[in-house]
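Here the structure comes first, spelled out in structure tokens, and everything after it is commentary.
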Amino acid sequence: MLELLHGPDRTANSMELLARICENATHGVAGQILIVPEQYSHETERALCERGGDTISRYAEVLSFTRLASRVFSVCGGVCEEYLDENGRILTLYLAAQQVREQLKFYAAVMTRPDFLKQLGALMEELLTSCIPPDALHAAAARLEGRLAQKVTELALLYESYLAVCKTGRGDPVTRQMRLRDLLDETDFLDGRTVFLDGFSDFTALQQQILAAILAHAEAVHVSILTSGGEQAACQTGNETKKRLQQLAARQGVKAAVCRVTTRAPRDPAVQSWLDGLFFGGPAESGAPQNISLVQAGSWQAACAYAARQIRTGAASGLCYRDFTVCMTDEAACALPMQTLLSRAGILVYSAANAPLLKKPLVAALLSALQAILRYEQGPMLAFLKSGFSPVSEDECDRLERYVHYWNIRGQLWEKPWQMHPRGLGLPMTPEDTQALEELDRIREQAVAPLRRLRLAFAKAPDTDARLRAIASFWEELDVAGRLQAQSEALAAAGQAQQAQECGQLYEALISTLEQMDRVLGSTSLEPELFVQLFSMLIANTAVGTIPSVCDAVQLTTLPMLRHRRSRVLIVLGADDGLLPAFSDPGGLLADPERQKLRSLGVDLSPGRETAVDREMSWVCAALSAAEDRVCLVTTAAQPSFLYTRTQTIFPALQVLRAEDEPFL
């Protein structure tokens with residue numbers, strides 16, 4: 001049986017599922033599975049334990065589709081099989097492009113560029129999750145003309161080549177889900193179980209096939225869907241998902257029941273009226289509630305300072321730090337100022353976003369070293385030397401930098417003894433100048449020695465494997481592992497637990513990147529510049545995540561991560577037009593008109609921009625539903641988000657506050 005639980009309150013839908021799981025547990029029903037998106041599994045596990053108590057894990061477990069695959073493989077076989085990750089996919093696509101390079105014309109000039117390979121990887125994932133075979137692209141290309149026909153033909157060739165390369169090594173990550181689908185259909189793993197799904201706005205074609213296998217074996221399947229059943233933009237994605245699941249159940253011969261969740265989450269009436277008015281056409285309110293705030297800030301710094309003051313004031317009035325969630329629509333503009341301000345106030349904060357490796361100083365220094373050995377350009381050389389991880393001290397680096405800038409030192413001049421005057425052109429050389437020049441040359445040699453060894457190792461390396469081993473030796477020479485360990489311990493001692501967790505994972509992430517590149521491209525020979533570009537892109541694609549290290553901390557998050565949370569106080573920074581919602585073109589190798597043309601020819605790619613707008617509205621509705629007691633929307637733009645102006649329409653008496661009127665200090 002399939003039961004579709006739908007309602008306009010995302011939080012209430014989730015609470016209803018948890019209540020049913022716990023009720024089943026009280027009757028001794030074991031083996032229940034709650035499937036959620038990967039990024040929400042930790043929060044869902046906490047919510048389930050909070051609702052069901054210490055013994056709930058005996059009756060239910062929270063899994064994502066990926067973790068469900070691991071569970072099934074551990075029972076039915078296949079747990080030892082290895083699959084590519086996103087970086088491995090990009091490297092494998094390089095090999096695939098090399099195999100068909102003679103047949104490429106449209107993409108011939110860009111086929112090995114890292115940015116193209118990254119976009120191609122995203123398209124390969126979409127084709128696989130949409131269950132579109134290469135033959136479908138070839139068939140569509142035969143019915144097209146001109147530029148698009150050539151483009152689709154070459155994409156089909158690259159797709160075929162990629163699948164062929166995957167068969168000789170590790171499979172694409174999507175093939176893990178394909179194997180899960182097959183095993184669920186062939187085994188009795190789900191027989192008699194009750195399965196719940198929560199947090200999904202829609203399902204890919206492959207996920208629908210997995211759901212079909214679940215429906216065929218599970219005793220009951222319950223799916224929560226965010227929709228009121230109306231025609232509002234926030235409901236369109238949920239309505240379409242409900243329709244598709246009903247059609248899926250009909251094809252499987254499974255009875256489908258629809259249950260409307262009428263109860264609401266425990267939420268302040270004013271906040272509930274605000275949500276209803278924003279997304280479901282609720283009426284305007286006559287009053288000006290104290291717990292709904294609209295704020296105009298002149299800058300991101302002022303917006304962050306206002307949020308920090310509200311947190312400090314709220315904590316002084318008896319609220320816990322964990323009662324506050326700060327949602328950033330522009331993480332790059334907000335994350336650092338918010339963390340700095342809260343740290344200055346002694347307020348604990350946890351950032352729910354993954355930390356990119358590229359933002360870590362040591363990683364940036366290592367990449368600068370790789371860039372430096374290509375041509376000894378001033379920028380990368382000085383970036384490495386000034387990073388704090390080079391062999392020279394800060395004072396020595398300053399002296400070196402003055403000389404380098406004055407005499408425009410670059411290229412092979414770094415490896416030759418310096419003879420120019422240390423104080424400038426046309427001055428007499430005194431004994432003190434000679435001594436200073438000798439000292440500068442000593443510093444130069446000390447600085448360039450490890451880079452020279454790395455450059456020579458690169459020049460002699462016959463393949464990628466040898467270059468990767470040279471990088472590993474370079475890291476050993478700089479004692480990267482020891483420095484990261486010392487940094488992690490220092491951060492932990494200073495009370496910066498999240499940064500310590502991230503630092504503790506960096507070396508393993510770096511080594512994993514080396515190993516991934518060696519497994520896929522180890523026997524190939526790349527031009528040094530292309531090698532550095534590919535390696536830098538892999539590092540840029542890698543991030544490390546953490547879990548909260550303390551119970552009482554302000555949650556600093558983004559809209560996607562907010563879609564499965566609950567918070568007493570929600571502060572949204574950046575309620576600006578174009579950011580909330582973020583109606584931006586996702587880009588990619590296929591433009592929206594090209595996607596529409598392919599869909600008309602039977603290539604069922606993901607929908608175009610119009611459907612993406614509806615999905616974004618559904619996501620924003622789910623995210624803002626996290627608010628329980630108080631909401632504050634802060635805009636920094638002359639043109640605020642239409643959700644901001646709609647809030648003014650819902651509460652006409654509400655006065656807009658100025659962030660600068662309440663400074664942080």
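Go through (1) in contact with an Asp or Glu (Cβ under 8 Å, 6 or more places away or on another chain); (2) within 30 Å of Thr635 (Cα to Cα); (3) open to solvent by less than 10 Å² (accessible area, probe 1.4 Å) one by one and return the number of the condition Cys327 breaks. Cys327 satisfies all of (1) in contact with an Asp or Glu (Cβ under 8 Å, 6 or more places away or on another chain); (2) within 30 Å of Thr635 (Cα to Cα); (3) open to solvent by less than 10 Å² (accessible area, probe 1.4 Å) except (1). Of the residues Leu341, Leu294, the single one that is assigned to a strand (DSSP E or B) and over 21 Å from the mean Cα position of the chain (by Cα) is Leu294. Could you please let me know if Pro173 is open to solvent by 30 Å² or more (accessible area, probe 1.4 Å) and under 21 Å from Ser606 (Cβ atoms)? Yes; evaluated as a whole, the condition is true for this residue.
On inspection, Ser64 does not qualify as at pLDDT below 95, touching a strand residue (DSSP E or B) at 6+ places or on another chain (Cβ under 9 Å), among the small types (Gly, Ala, Ser) and surrounded by fewer than 20 Cβ atoms within 10 Å (Cβ to Cβ). Would you check which residues across segment 122-160 are open to solvent by 10 Å² or more (accessible area, probe 1.4 Å) and among the hydroxyl-bearing types (Ser, Thr, Tyr) and list them? Answer for segment 122-160, where residues must be open to solvent by 10 Å² or more (accessible area, probe 1.4 Å) and among the hydroxyl-bearing types (Ser, Thr, Tyr): Thr129, Ser130, Thr153. Might you check whether a residue that is on the phi > 0 side of the Ramachandran plot and open to solvent by 30 Å² or more (accessible area, probe 1.4 Å) occurs anywhere in segment 100-121? Taking every residue of segment 100-121 in turn, none turns out to be on the phi > 0 side of the Ramachandran plot and open to solvent by 30 Å² or more (accessible area, probe 1.4 Å). Collect the residues in segment 589-607 that are in a loop (DSSP other than H, G, I, E, B) and modelled with pLDDT of 85 or more, keeping them in residue-number order. Once the filter is applied, which keeps residues that are in a loop (DSSP other than H, G, I, E, B) and modelled with pLDDT of 85 or more, segment 589-607 yields Leu589, Leu590, Ala591, Leu601, Gly602, Val603, Asp604, Leu605. Going by what's in this entry, would Leu440 be described as part of a helix (DSSP H, G or I), more than 27 Å from Tyr403 (Cβ to Cβ) and open to solvent by less than 20 Å² (accessible area, probe 1.4 Å)? When the stated conditions are applied, Leu440 does not pass them. Cβ separations smaller than 9 Å between residues 6+ apart or across chains give the following pairs from segment 505-519 residues that are within 17 Å of Gln533 (Cα to Cα) to residues that are hydroxyl-bearing (Ser, Thr, Tyr) and open to solvent by less than 50 Å² (accessible area, probe 1.4 Å): Leu510/Thr542; Thr513/Thr542; Met517/Thr464; Asp518/Thr464.
Checked against (1) under 22 Å from Leu562 (Cβ atoms); (2) of a type in the set (A, V, I, L, M); (3) in contact (Cβ under 8 Å) with a residue 60 or more places away in the chain; (4) open to solvent by 10 Å² or more (accessible area, probe 1.4 Å), Leu18 passes all but a single condition, namely (3). In segment 213-240, the residues that are under 22 Å from Thr263 (Cα atoms) and free of Cβ contacts under 8 Å to residues at least 12 places away in the same chain form Cβ pairs under 9 Å with partners that are assigned to a helix (DSSP H, G or I) and open to solvent by 10 Å² or more (accessible area, probe 1.4 Å), at six or more places apart or across chains, as follows: Glu231/Asn239.
The set of residues in segment 369-384 that are assigned to a helix (DSSP H, G or I), farther than 14 Å from Leu400 by Cβ and not basic (Lys, Arg) comprises Ala369, Leu370, Gln371, Ile373, Leu374, Gly379, Pro380.
The values are calculated or read from the model by the stated rules, or taken from the named source; none is laboratory data. Because the structure is a prediction, the values reported are computed rather than measured. So basically every Cβ, Gly included, is an ideal-geometry build from the backbone, and we count neighbours across all protein chains shown. Surface accessibility is based on the protein's heavy atoms, side chains included, excluding ligands, DNA and RNA. Shrake-Rupley method; radii C 1.70, N 1.55, O 1.52, S 1.80 Å.
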